[in-house]
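Below is one structure; the comments refer to it alone.
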Amino acid sequence: MKRARIWVLFFLVAGACTSYSHTEKAATQLAFGTAVAKRGLWREAAFRYEQAVAKEPSNARAHNNLAVALEANGDFARALAEYKKALELDANNSYIRRNYARFAEFYTSYTKTTGKAAGAP
């Protein structure tokens, strides 16, 4: 039974890898990042979104998604910077604006409660 689970996991991972065969594209990195984020793998998601940003620095969605992943990982200072960059690139995007507003509300409360900015020792 345990061996069967290992094989199933192997085939799922192998199949997922072939779905994302064009890793040189920002869109592929975004899709892969979203897939792993849905599984709660936020560090991997952040890595993929960072790859997307590197490949396409003017992609507001990539910056927004990176911000969400960084926030989920507790890296609030970097998340704030990425949300701001996403807004700078696409200020009229209501989805990005909502994400930023939600984060800003949390971040303000966090800094008041802890007495320090995120990322500070």
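The values are calculated or read from the model by the stated rules, or taken from the named source; none is laboratory data. None of these values were measured; they are calculated from a predicted model. No Cβ is skipped: glycine too gets one built from the backbone with ideal geometry, and neighbour counts run over all protein chains shown. These accessible areas exclude ligands, DNA and RNA; they are computed on the full protein's heavy atoms, side chains included. Shrake-Rupley method; radii C 1.70, N 1.55, O 1.52, S 1.80 Å.
Quick look at the numbers
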{"read-out": "Local net charge near ARG43, Cβ-Cβ under 12 Å (Lys/Arg +1, Asp/Glu -1)", "value": "-1"}
{"read-out": "Solvent exposure of the range 59-121 as accessible area per residue, Å², 1.4 Å probe", "value": "57"}
{"read-out": "Extension gain from ALA81 to ALA31, taking 0.36 nm per residue of separation minus the Cα-Cα distance", "value": "15.8 nm"}
